Amino acid sequence: MSQIILQPTSNKDAMRHFESTIVQAVGLDVIREFITDKVIISEIEKEYINSNIYIWGVTNGKNNVNKKKWEKITKGDVTLFRKLAASLLKQ
């Protein structure tokens with residue numbers, strides 16, 4: 001059964017990354033810079049032949065808290081992003 005992943009994009013860095021990787025797709029050449037595992041790259045290339053990818057990543061976090069959550073995500077899960085209005089971030 002698919003999970004629903006709730007991903008906040010509540011700070012300026014997260015909003016910038018949201019704009020550059022979710023609003024606008026990322027090319028495979030960019031992704032290859034960050035993923036060194038050849039098996040994973042091969043799977044991505046098969047899934048996204050000649051197309052760009054909408055992709056999100058996270059930092060490990062304190063005591064790997066984010067990494068542990070990330071590792072529970074599986075193919076078919078759905079991610080919902082929460083984006084705050086830019087005017088709220090200026091306060």
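The values are calculated or read from the model by the stated rules, or taken from the named source; none is laboratory data. Just so it is clear, the structure is predicted and the values come from calculations on it, not from any experiment. All Cβ positions, glycine included, derive from the backbone under ideal geometry; neighbour counts span all protein chains shown.
Taking segment 57-79 as the search range and keeping residues that are part of a loop (DSSP other than H, G, I, E, B) and over 21 Å from Met1 (Cβ atoms), which one is farthest from the chain's Cα centre (by Cα)?
Looking at the filtered set, the residue picked out is Gly61.
Applying the selection to segment 8-17, what residues are among the polar types (S, T, N, Q) and either touching an Asp or Glu at 6+ places or on another chain (Cβ under 9 Å) or surrounded by 14 or more Cβ atoms within 10 Å (Cβ to Cβ) (or both)? Quick ask: steps written out before the conclusion?
First, the residues of segment 8-17 that are among the polar types (S, T, N, Q): 9-11.
Of everything in segment 8-17, just one residue is among the polar types (S, T, N, Q) and either touching an Asp or Glu at 6+ places or on another chain (Cβ under 9 Å) or surrounded by 14 or more Cβ atoms within 10 Å (Cβ to Cβ) (or both), namely Thr9.
Across segment 55-78, what is the number of residues that are at pLDDT 90 or above, surrounded by 10 or more Cβ atoms within 10 Å (Cβ to Cβ) and touching a strand residue (DSSP E or B) at 6+ places or on another chain (Cβ under 8 Å)?
Residues that pass the stated criteria total 2.
Collect the residues in segment 12-35 that are farther than 10 Å from Tyr54 by Cα, among the β-branched types (Val, Ile, Thr) and part of a helix (DSSP H, G or I), keeping them in residue-number order. Full working, then the answer.
Applying the first criterion (farther than 10 Å from Tyr54 by Cα) to segment 12-35 yields 12-17, 19, 28-35.
After this cut, where a residue has to be among the β-branched types (Val, Ile, Thr) as well, the list is 30-31, 35.
Selection gives Val30, Ile31.
What residue, of Ser51, Ser2, Ser42, Ser87, is among the small types (Gly, Ala, Ser), loosely packed, with under 11 Cβ neighbours inside 10 Å, out of contact with any Gly (no Cβ under 8 Å at 6 or more places or on another chain) and at pLDDT 90 or above? Break it down stepwise before answering.
On the way: Ser51 fails: at pLDDT 90 or above; Ser2 fails: out of contact with any Gly (no Cβ under 8 Å at 6 or more places or on another chain); Ser87 fails: at pLDDT 90 or above.
Only one candidate qualifies: Ser42.
Considering segment 18-31 alone, what residues qualify as being surrounded by 13 or more Cβ atoms within 10 Å (Cβ to Cβ) and either farther than 16 Å from Thr79 by Cβ or in contact with a helix residue (DSSP H, G or I) (Cβ under 6 Å, 6 or more places away or on another chain) (or both)?
Leu28, Val30, Ile31
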